[in-house]
Amino acid sequence: MTGTGDRALHIHSPAGLPFIDVRRQFDAPVSAVFRAHAEPELVARWLGPAGYEMSVEEYDFRSGGRYRYVHRDPGGAEYAFHGVFHTVRTDELAVQTFEYEGFPDVVSIEFLTFVDLGDRCRLEGHSVYPTMEARDSMAASGMEKGMREGYERLDDLLG
């Protein structure tokens, strides 16, 4: 867990299961948090580690849509990701595949639930990996730092 109070990032990797669960609250209504995930120009402003540039090559946030984006670190190294949005329900749910192109053929499926708390929103994520090794590699990749820093920028964007 990182952060303070309700806005702390909670990450849980259950022993022996190829899952990662995350949870975080935002001081904004569910519609604003969903919009920040749906619109590529907003996604590019908050997703990923601090100090990285993000270019969105494709981002069609709808059921059956696709995405591809590239993060570039301060040294110029690039990290590309792509996938398919299987199910998108406005202000409720996004189900997508996720593949880091540096490890091709290791595809996770991710469920992101937008929980309406009135003037606040809680995100609940559940990622399923093909193997324990893939799950552990993701957990060790700096995922927590990237998520924490990205969600802090999302707080600022929503503010």
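Every number here is computed from the coordinates shown, using simple stated rules; none is lab data. The structure displayed is predicted, hence computed values, not measured ones. Because the Cβ atoms are built from the backbone with ideal geometry, glycine has one as well, and the counts that use them run over all protein chains shown.
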Query raised in the report: Which trypsin sites (Lys or Arg not before Pro) in region 1-109 pass both tests, a DSSP loop state and at most 12 other beta-carbon atoms within 10 Å?
Result: R62
Report summary line: Assertion target for D105, D21, ordered by fewest C-beta neighbours within 10 angstrom first, is D105, D21
Query - Candidates F34, F103, F81: whichever shows maximal mean-square fluctuation once the chain is modelled as a Gaussian network with Cα springs under 10 Å - result: F103
Query - Among L93, L17, L42: highest mean-square fluctuation, GNM of the chain, C-alpha pairs under 10 Å - result: L17
Report task. Return a whole-number percent for the relative contact order of the chain, with Cα pairs under 8 Å and 6 or more residues apart as the contact set. Result -> 27
Report task. Add +1 for every Lys or Arg and -1 for every Asp or Glu among the other residues with Cβ under 11 Å from the Cβ of A94, and state the total. Result -> -1
Requested in this report: Take each complete run of DSSP H in the chain, measure how far its Cα atoms stretch along the helix's own axis, and keep only those covering 18 Å or more with mean Kyte-Doolittle hydropathy at least 0.0; list them.
Outcome: none
